[in-house]
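For reference, the structure is listed below as structure tokens.
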Amino acid sequence: MKHVMEPDDVDLTVMPMHLTDTDAIEISEFIQEYKATGKGKPIEVKISVDSQQELEFLLTLFRRLNLKWTFPR
């Protein structure tokens, strides 16, 4: 699968119908920040697991994706 590279002087606009205006603004701000700094802002995600096996799967997935994570105290 190939990626469409955005030329420096052109902004590609995708208008998915399932996004709210608030979602679209938040995504746009994230992309602008990422382009400017090369980094995204950290997000907080709450996950619940029902078994040790699910926890191990998630931890393996996070490591493969090179995500930084912490457990709440």
Could you tell me how many of the residues in region 30-73 are surrounded by 10 or more Cβ atoms within 10 Å (Cβ to Cβ) and polar (S, T, N, Q)? 2
Which pairs do you get when a residue that is under 17 Å from residue 69 (Cβ atoms), found in region 34-57, comes within reach of a residue that is of a type in the set (Val, Ile, Thr), reach meaning Cβ atoms under 6 angstrom, with the pair 6+ apart or on two chains? 55/49
What's the total number of residues in region 30-72 that are aromatic (Phe, Trp, Tyr), more than 30 Å from residue 8 (Cβ to Cβ) and under 18 Å from the mean Cα position of the chain (by Cα)? 2
Just name the residue that is modelled with the highest pLDDT out of those in region 12-58 that are of a type in the set (Ser, Thr, Tyr) and assigned to a loop (DSSP other than H, G, I, E, B). 51
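The values are calculated or read from the model by the stated rules, or taken from the named source; none is laboratory data. No experiment lies behind these values; they were computed from the predicted model shown. Because the Cβ atoms are built from the backbone with ideal geometry, glycine has one as well, and the counts that use them run over all protein chains shown.
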